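The values are calculated or read from the model by the stated rules, or taken from the named source; none is laboratory data. None of these values were measured; they are calculated from a predicted model. Each accessible area value is taken on the protein alone, full model and side chains, heavy atoms only, with ligands, DNA and RNA left out. Shrake-Rupley method; radii C 1.70, N 1.55, O 1.52, S 1.80 Å.
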Amino acid sequence: DNGLTDFPYDYERLYDYRVMVWANSEIDVARMVGASVLANYLKAGGGLVLFGGDNAFKSEYSDPPNPINDYLPIKPKKSNIYKGALQLNSPVKDHPIFKGIDLSKLPYAFYTHDVELKDKSKSKVLMKVGDRPFIVETTQGNQRTMVVLGMPFVDETEFPGKQPFWKWSEWPKLFAN
């Protein structure tokens, strides 16, 4: 019922993009035709960034399975949203996404996804939140998928004095990297 209306369903439009960024969206919104187009785009080396949210990471349980699942480095648990103030930590400082980022005072996430890594030989946790993955990368040939397992939601009165990651001055640069 809620498919994307402006998804580039044709290769000519899709291949104009270097990376697709989806936030708080289930990949099933592209429908099976869009998913097959997107799977071919990824197979050809297109990039994918998935950002968490209460609607994200549910396609693992769809029937039939979405072909994009093969490009995800994570497998969500059934009840995959965790609430609690957890500080970002353990960045892989030599990774390009952290270039030019001041990592001396890391912010917090308040809602995160509880996941398992699918293939630890392909998946790399670039940053944690508490003891959980926060930014995960996987590569297949020249294709790269990045997953951000936090959600930009909080009642700031619940966690006073803890800066949300999306209000961190370094977040726009990190996300752009």
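DSSP finds beta bridges in the chain, and of those with both partners inside it, around 70 percent are antiparallel. Here the accessible area of the chain is 49 percent carbon and sulfur, with a 1.4 angstrom probe and all protein chains present.
Return one whole number: the accessible area per residue of the chain in Å², for a 1.4 Å probe.
53 Å²
Taking all protein chains together, Thr138, Thr157 sort by accessible area into Thr157, Thr138, largest first [probe 1.4 Å]. Per residue, the chain reaches -3500 deg cm²/dmol at 222 nm when only DSSP H runs of four or more residues are counted, each adding -39500 (n - 2.57).
Relative contact order of the range 83-177: 32 percent, from C-alpha pairs under 8 Å at least 6 residues apart in sequence.
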